[in-house]
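Working notes, structure below.
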Amino acid sequence: MSVKIGIPRALMYHYYYPAWRVFFEELGLNVVLSPETNKDIIDQGMRIAVDDICLPFKVYYGHILYLKDIVDCLFVPRFISLGKYNYVCPKFMGLPDMLKANIAGLPDIIEPFIDLRKGIFPLRRTAHDIGRRFGRNYFSIERAYGKARKIHRSFIELQEKGIHTNEAFEMLLKNNNIIRRESEKNLNIAVLGHAYLLNDYFASMGIIKRLEGMGVCVRTVEMYRKCWREKAADKYHKRVFWYFNRQVMGAAYHIFEKDSIDGIVQVTAFGCGPDSLVRELIDIEGKKRKISIMNINIDEHSAEAGLMTRLEAFVDLIERRKMA
Amino acid sequence: MKKITFPHMADMYVPVRAFFQELGFETVVPPAISKKTLDLGVKYSPEFACLPFKINLGNFIEALERGAEIIVMGGGCGPCRFGYYAEVQEAILRELGYSFEMFVIEPGLFSNYKRIRNVFGNIPFHRLLPAARMAWKKAAAIDEIYRLVLKMRACEKKPGQVNKIYDAFIGEIDNTVSVDKIRLIKKEYEEKIKDSKAEYKRGIEIRIAIVGEIYLVLEPFVNLEIERRLGELGVVVERELYITNWLLDFLNLSGERKLMERAAGKYLANFVGGHGQDSIGHAVIYAEKAFDGVIQLAPFTCMPEIISRSILPVVSREEGIPVLSLFFDEHSADTGIQTRLEAFVDLLERRKILQEGSFCESR
């Protein structure tokens, strides 16, 4: 029987799932994915996590609790940095340690260091370390790594074509073709925020789906090409040293300069450190350029009705503004 | 000549002002942190920004109102939010309509000499070294005396005596302009503080170490004078974070970091920004030194400290040292803190008595 490796459906899953899945399946492992976030998972996570940590991490805890008894090992990479001169949020850096401290009876944790400050090359070595742990030889690991890279590239390409993360997963891994509905109202709204919050239907209370349900065309950070984002992010402010916030900032400035968008919704998890500062800069700049921006904070106590009202009001507002 | 200002952090204004004065610049020290500073900061800051951000912003507004034209601020490129403070604060202050220059001290600073020149005008280079020496001596003297203060508050003769001596000391050292005199003043006050020694207020020596985020540990206004409160409760306080220690560490001259990393390694394998790993490492070190308890201080939503807060209970269990985590924001109230401290100290006292066993008779 092959080894069962658990991948929690939270945090970095929303950025790297296809690559991880292909890599581990090529190595001959059985990938077990936790189910989509539900009330039970959030409640479980909340009980164990420290109270002032942000919602996505509480969700992650919940997924780990779900997986820990049914898998042989868990994949919890320790992200340090995703590129030159940048870091990810510090909480990712201590994630495996936090899990070990707070949850008893964890299975084996595979916690590779992902530190790309010195380029992409160390990643290959990390892949080989993981592969060797499961007794695979050099060539099969190399093949798995190559395939993972390839699928990750096509994942990025799909996103840049304007396909939402979850739909891109379906298309890549299940070969479903998704036909996108045209938006009825001809309204474009950019929803800026971390993919791990926005694409989690339950945690974000389906904010993207709800907006689309109102006939709005939703753009997310990942849909702007990376080279554009990088270029726009460096122009105005000191280099933002958190990778994901840099992407958000880049997307925002790209929108300000080039893209025609009718409004921006910024979605932040309560207590998100980097967002608290970067959001303010985007706010100030948006105000100067007269772009409608709405800020939404989400935590485990957020209520759907409140969100719905605010979204409806916002959409009505920009619709009227556009007609005027 | 343009007037320079900088944010407050405990008594850091003394060496910083000395440094700029020696160079011949005029400084505007922001008014001591007060409720008004906090209110101003909270009003204009992003709501989730951490507490130091808000206080700094309040300092800047008050200083700009008093005619400051250059703001000197720290920066960085680590994962802690502090590295990005200056950028956001500048944007907010400009939005409020102030005109000023923002000068950020961070790595890569000297690569842009033109900017330094534009901001400060001519810098007398021959006085740079003496100025730095002066500032350093003052900072070192303050830290040394304060280390003593933390110990002696627990056993002073009259309540509040040590605090008074310390305040007088700060006033005098702030007014000194010669390096030689710093040594004399330090000696004089060292004697004074040592003279005020009496029995421990609690009858036994209880030692608590303070770890956590640097601003919250150093600045008495934001941590609601926790060290004074502990001193009044008869507790000897020690900590690793001092301005001079931090500066040495920042310049990579400190051997302390290696020790700390080794101690923390078992619980937290890597650097997580700010003082996250330090909190764990020092908690372990203090446990080895047989301290009675550890208190962790941090601002609400501080990312590195959340990590250490999650891990500290395990450290507490495995190393056998009680740990109290206190997170502060602008709504923290002193009664709540006082109650918790009293309870914690009573607990430690009881624990110590039970461990030592024989203490009961002597009381």
If I model a spin label as a point 7 Å beyond the Cα along the Cα-Cβ vector, how far apart are those points for A:Asp299 and B:Asn122 in nm? 5.6
Descending principal axes extents, the range A:1-113, alpha-carbon based, whole Å: 40, 38, 23
Under the Karplus relation with 6.51, -1.76 and 1.60 and θ = phi - 60°, whole-Hz ³J(HN,Hα) for the range B:191-196, x at Gly and Pro, equal 4, 4, 5, 5, 4, 7
Partners for A:Lys150 among lysines (Cα-Cα distance below 26 Å; same-chain residues under 8 apart left out): A:Lys4, A:Lys84, A:Lys118, A:Lys161, A:Lys174, A:Lys226, A:Lys231
Output for the range B:3-123 (equivalent-ellipsoid semi-axes, sqrt of 5λ from the C-alpha gyration tensor, Å, descending) is 22, 17, 14
Extension gain from B:Asp334 to B:Ile204, taking 0.36 nm per residue of separation minus the Cα-Cα distance: 44.2 nm
Return the inverse of the average 1/r over all pairs of distinct C-alpha atoms in the protein assembly as shown, which is the Kirkwood hydrodynamic radius, in Å to one decimal. 27.5
Of B:Pro31, B:Pro124, B:Pro15, which is the most mobile in a GNM of chain B whose springs link Cα atoms less than 10 angstrom apart? B:Pro124
Quick one: which of B:171-182, B:133-144 comes out on top by average Cβ neighbours within 10 Å, and what's the full order, highest first? B:133-144, B:171-182
Taking every eigenvalue of the Cα gyration tensor of the range A:182-323, multiplying by 5 and rooting it, what semi-axes result, largest first, whole Å? 22, 18, 13
Compute the normalised compactness of the range B:106-233: alpha-carbon radius of gyration over 2.2 N^0.38 Å, N being the residue count. 1.36
Determine the relative contact order of chain A: mean sequence separation of Cα pairs under 8 Å and six or more apart, normalised by residue count, in whole percent. 18
Relative contact order for the range B:201-353, counting Cα pairs under 8 Å that sit 6 or more residues apart, in percent: 27
Spacing of the two label points (7 Å from each Cα toward its C-beta) at A:Arg320 and A:Glu160, in nm: 4.0
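Between Rg and the Kirkwood Rh of chain A, both from Cα atoms, what is the Rg to Rh ratio?
Numbers: Rg = 19.9 Å, Rh = 20.6 Å.
Rg/Rh: 0.96.
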When the distances between all Cα atoms of the range B:265-319 are binned every 10 Å from zero, what whole-number percent does each bin get? 25, 58, 17, 0
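Please go through the range A:221-281 and write out the trypsin sites (Lys or Arg not before Pro) that DSSP classes as loop and that have at most 12 other C-beta atoms within 10 Å. Provide the component values of the computation, followed by the final result.
Numbers: sites: A:Arg225, A:Lys226, A:Arg229, A:Lys231, A:Lys235, A:Lys238, A:Arg239, A:Arg246, A:Lys258, A:Arg279; in loops: A:Arg225, A:Lys238, A:Arg239, A:Lys258.
When the trypsin sites (Lys or Arg not before Pro) of the range A:221-281 are filtered for loop state and at most 12 Cβ neighbours within 10 Å, A:Lys258 remain.
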DSSP loop chymotrypsin sites (Phe, Trp or Tyr not before Pro) with at most 13 other Cβ within 10 Å: longest gap in chain A: A:203-324
Once R0 is set to 41 Å, what does the formula 1/(1 + (r/R0)^6) return for the Cβ-Cβ distance between B:Tyr113 and B:Lys187, expressed as a FRET efficiency to the nearest 0.05? 0.50
Could you compute the net charge surrounding B:Glu69? Neighbours are other residues with a C-beta less than 13 Å from the C-beta of B:Glu69; K and R count +1, D and E count -1. 0
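At 0.36 nm per residue, and after removing the present C-alpha to C-alpha distance, how many nm does the segment from A:Thr309 to A:Lys4 gain when stretched out fully?
Stretched out fully, the A:Thr309 to A:Lys4 stretch lengthens by 105.4 nm.
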Checking B:His282, B:His126, B:His331 against a Gaussian network model of chain B (alpha-carbon springs below 10 Å), the top fluctuating residue turns out to be B:His331
Simple label model, 7 Å out from Cα along Cβ direction - A:Lys287 to B:Tyr98, nm: 1.6
Per principal axis, descending, Cα span of the range B:52-172 in whole Å: 54, 37, 33
Only residues of the range A:144-165 count here: report those whose backbone N is under 20 Å from the spot 7 Å along Cα→Cβ of A:Arg124, or say none. A:144-154
For peptide B:74-81, the mean count of other chain Cβ atoms within 10 Å per residue Cβ is 5
Which number comes out as Rg/Rh for the range A:80-219 once both Rg and the Kirkwood Rh are worked out on C-alpha atoms? 1.03
Net charge of Cβ neighbours under 15 Å - reference B:Glu172; Lys, Arg +1; Asp, Glu -1: +1
Rounded to whole Å, give me the distance from the Cα center of the range B:144-164 to that of the range A:255-324. 52
Below 8 Å between Cα atoms, with a sequence gap of 6+, how large is the relative contact order for chain B in percent? 16
Which residues qualify? For B:Thr5, with a placed amide H closer than 5 Å and at least 5 residues away or on another chain, they are B:Val28, B:Glu69, B:Ile70, B:Ile71, B:Val72
Rounded to a whole number, the Stokes-Einstein D of chain B in µm²/s (Kirkwood radius over Cα pairs; 25 °C; 0.890 mPa s) is 113
Express the C-alpha Rg of the range B:201-353 as a ratio against the empirical globular expectation 2.2 N^0.38 Å, rounded to two decimals. 0.99
Placing one identical point scatterer on every Cα of the range A:159-260 and ignoring solvent, what is log10 I(q)/I(0) from the Debye formula at q = 0.15, 0.17, 0.24 Å⁻¹? -0.66, -0.83, -1.34
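Hey, which of these cross-link pairs are over 30 Å Cα-Cα: B:Lys43/B:Lys266; B:Lys3/B:Lys43; B:Lys35/B:Lys289; B:Lys157/B:Lys352; B:Lys35/B:Lys181; A:Lys91/A:Lys322? Let's see the in-between values first.
On the way: B:Lys43/B:Lys266 42 Å; B:Lys3/B:Lys43 25 Å; B:Lys35/B:Lys289 38 Å; B:Lys157/B:Lys352 24 Å; B:Lys35/B:Lys181 35 Å; A:Lys91/A:Lys322 41 Å.
Correct reply: B:Lys43/B:Lys266; B:Lys35/B:Lys289; B:Lys35/B:Lys181; A:Lys91/A:Lys322.
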Structure-based [θ]222 nm, the protein assembly as shown - -39500 (n - 2.57) summed over DSSP H runs of at least 4, per residue, nearest 500: -16500 deg cm²/dmol
Just to confirm my numbers, what's the Cα centroid distance between the range A:1-64 and the range B:212-288 in Å? 34
Here FRET efficiency (C-beta to C-beta, B:Arg317 to B:Ala343, R₀ 22 Å, nearest 0.05) is 0.65
Listed residues B:Val88, B:Val16, B:Val284, most fluctuating in chain B (Gaussian network, C-alpha, under 10 Å): B:Val88
Rounded to the nearest angstrom and ordered from largest down, what semi-axes does the equivalent ellipsoid of the range B:137-198 get from its C-alpha gyration tensor (root of 5λ)? 21, 10, 9
If you add up the charges near B:Gly212, with Lys and Arg at +1 and Asp and Glu at -1, over every other residue whose beta carbon is less than 11 angstrom from its beta carbon, what do you get? -2
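Values quoted throughout were computed directly from the atomic coordinates according to the rules given, and no laboratory measurement underlies them. As the structure is a computational prediction, the values presented were derived from the model and not from experiment. Positions of Cβ are generated from backbone atoms using ideal geometry, with glycine treated the same way; all protein chains shown enter the neighbour counts.
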